[in-house]
Amino acid sequence: MRWRVISSIEDLEKGLVFGNFKVVNKTPKTLTWIGFGKDDLEVDLIDTGKFGEVTKETIQTLMEKGMVVLSGDRGIGKSALATYTTWRLLRNKLVDVVVHVGKLIPADALEINNQIRADNKKYVIIYDPSPIDIYYEPRTMQNINYDIDGMKTTLNELMDIKNAWKIIVLPNDFYNIISGNEELGNIIDDNTIAINLKDKTFLREVIKKYSGCDSVSDELVKRVMGYGSYTLIAKYTGIMMRERRCEVKNADELIRGSVDMVKLFFAHYIWGSILQENINLAKKASVPLIFYTTFGKLPEDVVYTMKAINDGGVWELIDRDRVAKSKLGELIEDDLKPIAKWLSIWHEDLIDETLKDLIGLNGEEARNKYRDHGLKDFIESLDWGYEMLIKRITRPYENLDKGLKWPR
């Protein structure tokens, strides 16, 4: 789907815009995955605390500027807030029609403009490359379309649409890339609300709703607030409390379990969206991924000098001589471009922690949790890269015990 028109509030309330947001008896609700082999959990959407405040700010910005960009870490509630805001706009008759955009190609803006002129109605367009649906179940994280060029095209087309309000949702990794774009940067920056829902009142209510418990300790809320993806952590903390019938004997264990659930989402995002579930691509990028996890973000050019190559059917790391004799343009590969861009920016703390787990820096026990959920091939590709890297590092020392001279 590139784009579709939702012409009634009833359709939005049935979940036709985002599958796990719906309205029952005038109450907005979200559907949440709670674990393999278990029923899903439907709870009231929490609009207290900062969530309600930012919703009002979003509507006000739309009325003043006609466009708003919601940015922030993954898993904090941006998509839910955008969907809830859209519902409020329809309910209060501030708009008549919603256009839900997945991707736009050149000339789509012309078609949408023509429809707006013909209808003579108030339109709001919502574009969210990582919609609320992806937090429904870990594997759905693979549905994020990590297509930076396509995203830029979509945003440029959106800018050409007239007489419609626009809600754009950009997780920080997308936002950091797009805001650096010469053509789009100023427009995006001037209309951005940096979402921060790190509010005790809001997060306490999230935990209470998902747990069904009457009270939640200040200490538990404080611990949840220590993470970048705090709303998602709060959800799963609440779900685990529900399963334990509100008994919290060990807060550390509770938070650890919640964090593990969120890291499983991010593991599927990295494997499915960034690496396209492609073992060969994972091998190519294995060493850059290891270096990123160990030392932090990498310049894009460096990724191509650290890649693995398939030379005559044999996979190996690119060697120094080939790098030295090549121009950078000769080393660049199209399928590595999005990965190089992704490795050149900072990500949420739990994405970094997820990579540490997958690479093995946190031990085999941590990795087994991912192996059991469809990520075995990804882990084996990272292991291959690590072994090749160690061989490359230790090669100069191989002959030392034979009394040979130190290699120059």
Selection count, the range 293-318, where residues are touching a residue at least 60 places away in the same chain (Cβ under 8 Å) and buried (at least 22 other Cβ atoms within 10 Å of the Cβ): 1
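Among the residues of the range 144-176, count how many are within 30 Å of T354 (Cβ to Cβ) and either of a type outside the set (S, T, Y) or outside any loop (DSSP other than H, G, I, E, B) (or both).
21
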Strands (runs of 3 or more DSSP E) enclosed by the range 11-103 - at least 3 residues per element that are in contact (Cβ under 8 Å) with a residue 40 or more places away in the chain and not β-branched (V, I, T): 67-72
Positions within the range 275-285 being in a helix (DSSP H, G or I) and surrounded by 20 or more Cβ atoms within 10 Å (Cβ to Cβ), in sequence order: A282, K283, K284, A285
Test result for I207, outside the structural domain of D252 (by TED's automatic domain parsing) and in contact with a Ser or Thr (Cβ under 7 Å, 6 or more places away or on another chain): no
Residues located in the range 340-382, provided they are polar (S, T, N, Q) and under 20 Å from the mean Cα position of the chain (by Cα): S344, T354
Pairs, first at pLDDT 90 or above in the range 170-189, second small (G, A, S), C-beta under 6 Å, six or more apart: L170/S71; P171/S130; Y175/S71; I188/S179; D189/S179
Counted residues, the range 118-143 - those being in contact (Cβ under 8 Å) with a residue 24 or more places away in the chain and part of a loop (DSSP other than H, G, I, E, B): 8
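Give the range 226-243 a look and list any residue that's charged (D, E, K, R) and under 21 Å from the mean Cα position of the chain (by Cα), or say none.
Going through the range 226-243, the residues charged (D, E, K, R) turn out to be 235, 242-243.
Selection gives K235 alone.
Among the residues of the range 213-235, how many are without any contact (Cβ under 8 Å) to a residue 60 or more places away in the chain, surrounded by 14 or more Cβ atoms within 10 Å (Cβ to Cβ) and not charged (D, E, K, R)? Working first, answer last.
Start the filter on the range 213-235 by keeping residues that are without any contact (Cβ under 8 Å) to a residue 60 or more places away in the chain, which leaves 213-226, 234.
Narrowing the set further to residues that are surrounded by 14 or more Cβ atoms within 10 Å (Cβ to Cβ) leaves 213, 216, 220-221, 223-225, 234.
Checking which are not charged (D, E, K, R) leaves us with 213, 216, 220-221, 224-225, 234.
Residues that pass the stated criteria total 7.
From the list K208, K200, which residue is over 30 Å from M67 (Cβ atoms) and modelled with pLDDT of 95 or more? Can you show your working first?
Working: K200 fails: modelled with pLDDT of 95 or more.
None of the other options fit; the residue is K208.
Being within 21 Å of N280 (Cα to Cα) and either charged (D, E, K, R) or modelled with pLDDT of 95 or more (or both) narrows it down to one residue among L317, L382; which is it? Before you say what the answer is, go through the steps one by one.
Numbers: L317 fails: either charged (D, E, K, R) or modelled with pLDDT of 95 or more (or both).
After applying the criteria, what remains is L382.
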Residues of the range 104-117 satisfying the condition of being of a type outside the set (G, A, S) and not in a helix (DSSP H, G or I): L104, I105, P106
Count of residues meeting criterion [crowded, with 22+ Cβ neighbours inside 10 Å and closer than 14 Å to F18 by Cα] in the range 130-150: 5
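Has the range 26-33 got at least one residue that is more than 23 Å from the chain's Cα centre (by Cα) and either closer than 30 Å to G150 by Cβ or not hydroxyl-bearing (S, T, Y) (or both)?
First, the residues of the range 26-33 that are more than 23 Å from the chain's Cα centre (by Cα): 26-28.
Still in the list and also either closer than 30 Å to G150 by Cβ or not hydroxyl-bearing (S, T, Y) (or both): 26, 28.
Yes, the conditions are met somewhere in the range 26-33.
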Residue in the range 319-334 that is under 19 Å from F174 (Cβ atoms), in contact (Cβ under 8 Å) with a residue 40 or more places away in the chain, touching a helix residue (DSSP H, G or I) at 6+ places or on another chain (Cβ under 9 Å) and surrounded by fewer than 22 Cβ atoms within 10 Å (Cβ to Cβ) present: no
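The values are calculated or read from the model by the stated rules, or taken from the named source; none is laboratory data. Model, not experiment: these values are computed from the prediction. Cβ coordinates were reconstructed from backbone atoms using ideal geometry, including for glycine residues, and neighbour counts include every protein chain displayed.
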